[in-house]
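Engineer: My structure is below; once you've seen it, I'll send some questions.
The values are calculated or read from the model by the stated rules, or taken from the named source; none is laboratory data. This structure is a prediction, so every number in the text was calculated from the model and none was measured. Here the Cβ positions follow ideal geometry from the backbone for every residue, glycine too, while neighbour counts run over all protein chains shown.
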Amino acid sequence: MAPPLLLLQDTKLTFGGTPLLEGAELSVSAGERVGLVGRNGSGKSTLLKIAAGLVAADSGARFVQPGATVRYLPQEPDLTGFATTLAYVEAGMGPGDQEYRAQYLLSELGLTGMENPANLSGGEARRAALARVLAPEPDILLLDEPTNHLDLPAIEWLEAEIASLRSALVLISHDRRFLQDLTRATVWLDRGRTKRMERGFAFFEEWRDQVLEEEERDQQKLARKIVAEEHWMRYGVTARRKRNVRRVGELASLRAQFRDHRGAVGTVTMAATEAEISGKLVMEAEHISKTYGDRVIVRDLTIRIQRGDRIGIVGPNGAGKTTLLKMLTGELAPDTGKAKMGTNIEMATLDQRRAALDPNRSVRETLTDGRGDQVFVGGNPRHVIGYMKDFLFTPEQAGTAVSRLSGGERGRLLLACALAQASNLMVLDEPTNDLDLETLDLLEEMIDDYAGTVLLVSHDRDFLDRTVTATIAYEGDGNWEVYAGGYSDMVAQRGHGVKMRAAAAAAPKGASTKAGNAKGANTSAGSSAPAPASSKRKLSFKEKHALEQLPKRIAQLESDIKRINNTLHTPNFYTRDPAGFQKATAELTKAQAELAKAEEEWLKLEMMREEAGG
């Protein structure tokens, strides 16, 4: 095996009296591709900073091969003191480095090099920092969440660029697909210690589960051994005093080993609070368009979204994903066309900018809205500390200000707020930002179990593949097209390898591309078949009469459903009257089916009426 270029041994570090690293190790040889994984707060970023020489450990050894070049990408790069982004990138290069790469990488990442660093957004600063660490083609690349703030085209370009380099790599990322494609070994940082597997991240979760199962078995064996030794101490035949003293000492050691064992970090308990069932048709848009100035954001899009659909929206930054989301949910009116929401819609939203969180409020105040110690989850009170524990917050964090939380903690807090709301439509705008892999697993399971409808904007390819049933993809020049399935299905249906590069180039300028067209966008989310065109004819007398009477019928059915639900929730109803319970259940099912049919008929007639001009 090749000697390591970088080696950390028995690394220990304590923050505020709490051990963060307790003997962690890291070894990187030439050309190795290592994924560094672990829960939020486990110390991954700190270990990477120690490897980069930016943080000193309390004890342990750090070795870097003489002459080896190391470049480190922090989560929050600092560009102060530089006049332009090009100057910032060039400052990271050495005498033997190829100067053209600075401008080449900036261009590939969508920057000119002349930008003032003081005016950059978070995403632009991240792109400049990536150019700075990649330009020298160092011997070792240490990358901490390199895909943060990047859109899908940039992520795919970055993946291909890193794969082409000969540099060794240590990578921290919450993007599963990125980790799977780039790593060949995995280091798991867990409870202050590291474990290494000589396989890529694709095999990590199975290996992690095996390690935890073995650990649990070892703890059970240890507990049984302690019980046996305690039994011997009480009831065993007295042997030589010297042997007794030895066994007493061994028992004390076993007890200490069992007591000091740090169990695996708990998991988030995540479940959405569901409102009453929505109508079958959740939202429908017909030929909607939106323009800002000379730029078309959405061009002639038709889509129907039904109850239970999980719809992903993908595209480069600036394409208009959030604008499209607002149009579909009725927050923003289209310039042309019609967008309608169905009936009985209760919506919960998760904003990627975390704007719903007041940085000056405490965790307790955020969850309770400043009203005592109770948080209402779906209308039912729960003690705030218990609800906090469901999302891995400790009781001591109840008074912690939001501004002092990490990005992952803020993400969990926002999820806790959103999931407490009763809903049958969940709108998630970049929900995976700053969440660790285990929390992402729980979020995926929650979406899978959710009975309502989900609209999801995300740059996480694996998350999209695991959660959505249809994908709305940006095709350039305001065109959006609907594809059945997740992100990989969309790529396969498009039939081209560089997936979204053409659309990305078009997004900022509004230039036309060959990908997609308005005709392809006129698709139902539940099917790849085109939606039927609306009729231009006048409504018949029978249709006008139905349009007038249907709202009354819908109101009556909603009243019946509410009454039956109240009856079914009567305490001990099933025990007292099983036959009556079954009859009420059948009545509820029938009423819900009739309501869905009436709502769909009303919406169809209403859109025909508007199309005909009243």
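Engineer: Does the stretch 24-44 hold any residues that are among the small types (G, A, S) and touching a strand residue (DSSP E or B) at 6+ places or on another chain (Cβ under 8 Å), and which are they? First the steps, then the outcome.
Structural biologist: Narrowing the stretch 24-44 to residues among the small types (G, A, S): 24, 27, 29-31, 35, 38, 41-43.
Result: A24, S27, S29, A30, G31, G35, G38, S42, G43.
Engineer: Next question, about the same structure. Here are some conditions: (1) part of a helix (DSSP H, G or I); (2) within 22 Å of M446 (Cβ to Cβ); (3) under 24 Å from the mean Cα position of the chain (by Cα). F393 meets all but one. Which one does it not meet?
Structural biologist: Going through the list (1) part of a helix (DSSP H, G or I); (2) within 22 Å of M446 (Cβ to Cβ); (3) under 24 Å from the mean Cα position of the chain (by Cα), F393 breaks only (1).
Engineer: Still on this structure, please answer the following. If only one of H545, H569 is under 30 Å from E286 (Cα atoms) and either touching a Lys or Arg at 6+ places or on another chain (Cβ under 6 Å) or loosely packed, with under 13 Cβ neighbours inside 10 Å (or both), which one is it? Give the derivation first.
Structural biologist: Numbers: H569 fails: under 30 Å from E286 (Cα atoms).
Just a single option satisfies the conditions, and that option is H545.
Engineer: Does at least one position in the stretch 126-141 carry a residue that is more than 23 Å from A51 (Cα to Cα) and of a type in the set (D, E)? Show your work before the answer.
Structural biologist: Here is the first cut: in the stretch 126-141, the ones more than 23 Å from A51 (Cα to Cα) are none.
The answer is no; no qualifying residue exists.
Engineer: Tally time: how many residues in the stretch 576-605 are within 15 Å of R553 (Cα to Cα), surrounded by fewer than 16 Cβ atoms within 10 Å (Cβ to Cβ) and modelled with pLDDT under 80?
Structural biologist: 1
Engineer: Give L222, L179 a once-over and let me know the one that is at pLDDT below 90 and either surrounded by 11 or more Cβ atoms within 10 Å (Cβ to Cβ) or under 26 Å from T147 (Cα atoms) (or both).
Structural biologist: On inspection, the qualifying residue turns out to be L222.
Engineer: Then there's this: Which residues, counting only those in the stretch 462-486, are outside any strand (DSSP E or B), within 17 Å of the chain's Cα centre (by Cα) and within 18 Å of L325 (Cα to Cα)?
Structural biologist: As a first pass, look at the stretch 462-486 and keep what is outside any strand (DSSP E or B): 462-469, 477-478, 485-486.
This time we only want the ones that are within 17 Å of the chain's Cα centre (by Cα), so: 462-469, 486.
Matches in the stretch 462-486: L464, T467, V468, T469, G486.
Engineer: When you check T302 against the structure, is it assigned by TED's automatic domain parsing to the domain that holds T394, hydroxyl-bearing (S, T, Y) and either at pLDDT 85 or above or under 24 Å from the mean Cα position of the chain (by Cα) (or both), yes or no?
Structural biologist: Details: assigned by TED's automatic domain parsing to the domain that holds T394: no; hydroxyl-bearing (S, T, Y): yes; either at pLDDT 85 or above or under 24 Å from the mean Cα position of the chain (by Cα) (or both): yes.
Answer is no for this residue.
Engineer: Quick check on this structure: which one of V314, V363, V384, V377 is in contact (Cβ under 8 Å) with a residue 60 or more places away in the chain and more than 30 Å from G486 (Cα to Cα)?
Structural biologist: Values: V314 fails: more than 30 Å from G486 (Cα to Cα); V363 fails: in contact (Cβ under 8 Å) with a residue 60 or more places away in the chain; V384 fails: in contact (Cβ under 8 Å) with a residue 60 or more places away in the chain.
When all the criteria are applied, what remains is V377.
Engineer: Can you tell me which residue within the stretch 470-498, out of those that are among the polar types (S, T, N, Q) and modelled with pLDDT of 90 or more, is farthest from Y292 (Cα to Cα)? Walk me through how you get there before you give the answer.
Structural biologist: Initial filter on the stretch 470-498 (among the polar types (S, T, N, Q)): 471, 479, 488, 493.
Filter once more, keeping what is modelled with pLDDT of 90 or more: 471, 479.
Numbers: T471: 24, N479: 15 Å.
Within the stretch 470-498, the match that is farthest from Y292 (Cα to Cα) is T471.
Engineer: Residues that are within 30 Å of Y474 (Cβ to Cβ) and of a type in the set (G, A, S): does the stretch 174-194 have at least one?
Structural biologist: Within the stretch 174-194, the subset within 30 Å of Y474 (Cβ to Cβ) is 174-183.
Within this subset, residues satisfying the condition of being of a type in the set (G, A, S) are none.
No, that holds for no residue.
Engineer: Follow-up question, since we're still on this one. Does L419 satisfy the condition of being surrounded by fewer than 22 Cβ atoms within 10 Å (Cβ to Cβ), in a helix (DSSP H, G or I) and at pLDDT below 80? So that I can check it myself, show each step before the final result.
Structural biologist: On the way: surrounded by fewer than 22 Cβ atoms within 10 Å (Cβ to Cβ): no; in a helix (DSSP H, G or I): yes; at pLDDT below 80: yes.
Answer is no for this residue.
Engineer: Counting residues that are of a type outside the set (A, V, I, L, M, F, W, C), which strands (runs of 3 or more DSSP E) fully inside the stretch 160-202 reach at least 3?
Structural biologist: Details: elements: 168-172, 185-190, 193-197.
Per the criteria, 193-197.
Engineer: Can you tell me which residue within the stretch 105-143, out of those that are among the charged types (D, E, K, R) and not in a loop (DSSP other than H, G, I, E, B), is nearest to Q75 (Cα to Cα)?
Structural biologist: Within the stretch 105-143, the subset among the charged types (D, E, K, R) is 108, 115, 124, 126-127, 132, 137, 139.
Remaining after also requiring not in a loop (DSSP other than H, G, I, E, B): 108, 124, 126-127, 132.
Working: E108: 20, E124: 13, R126: 8, R127: 12, R132: 14 Å.
Here the answer is R126.
Engineer: Of G23, G17, which residue is on the phi > 0 side of the Ramachandran plot and touching a residue at least 24 places away in the same chain (Cβ under 8 Å)?
Structural biologist: On the way: G17 fails: touching a residue at least 24 places away in the same chain (Cβ under 8 Å).
Only one candidate passes the filter, namely G23.
Engineer: I'd like to check something: does the stretch 529-542 contain any residue that is modelled with pLDDT of 70 or more, part of a helix (DSSP H, G or I) and not acidic (D, E)?
Structural biologist: Start the filter on the stretch 529-542 by keeping residues that are modelled with pLDDT of 70 or more, which leaves 538-542.
Checking the rest, the ones that are also part of a helix (DSSP H, G or I) come to 541-542.
Now narrow it down to the ones that are not acidic (D, E): 541-542.
Yes: one or more hits.
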